[in-house]
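The block underneath contains the structure these notes are about, expressed in structure tokens.
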Amino acid sequence: MEKNIQTLMEMLRDAEGRKLDAERNLVMAELEVRQALSKTLGGYAGTFLGVGICAAAIEIGHWACETSPIAVCVYDDWSDPIHDNCLYCNNPEERK
Ligand SMILES: [Zn+2]
């Protein structure tokens with residue numbers, strides 16, 4: 001069954017809309033994880049003036065982490081932009 005170009009374009013636009021929604025949901029879900037982590041890291045010793053870690057500075061790594069509440073390494077991108085020191089296990093993001 002052949003579809004006309006108009007129908008195919010509508011399907012393409014629908015798919016693009018669903019992709020955009022999924023990307024927004026992904027960003028919002030990650031922000032919520034960062035905000036939750038930020039709350040639990042309020043007393044972290046390395047924080048500037050005891051202010052805690054800004055949710056926006058929290059970088060979620062890629063390595064499994066036994067001590068992290070999200071089971072993945074987490075970095076403070078503000079004080080540790082090279083991600084040398086997981087906030088939970090102290091391991092770097094770059095490993096061989
Ligand atoms: Zn870790």
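Only the coordinates and a few stated rules stand behind these numbers; no lab work does. Bear in mind that the values here come from a model prediction, so they are computed numbers and not experimental data. Quick reminder, even Gly has a Cβ in these numbers, built from the backbone with ideal geometry, and neighbours come from all protein chains shown.
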The orientation-averaged projected area of the Cα convex hull of the chain, in nm², is 9.4 nm²
Estimated vicinal HN-Hα couplings, Hz - region 54-61 in sequence order (Karplus 6.51, -1.76, 1.60; Gly, Pro = x):
5, 3, 5, 8, 6, 10, 8, x
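Using the per-residue mean of other Cβ atoms lying within 10 Å as a proxy for protection, in what order, highest first, do the peptides 11-22, 63-74 fall? Working shown, then result.
Working: 11-22: 10.1, 63-74: 15.0.
Answer by packing, highest mean first, reads 63-74, 11-22.
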Could you give the length gained by full extension between ASP14 and LYS96, i.e. 0.36 nm per residue of separation minus their alpha carbon distance, to one decimal place?
25.3 nm
Between ILE82 and TRP63, what is the label-point separation in nm under the 7 Å Cα-to-beta-carbon projection?
1.5 nm
Amide H proximity to TRP63 below 5 Å, modelled H, separation 5+ or other chain, gives CYS73
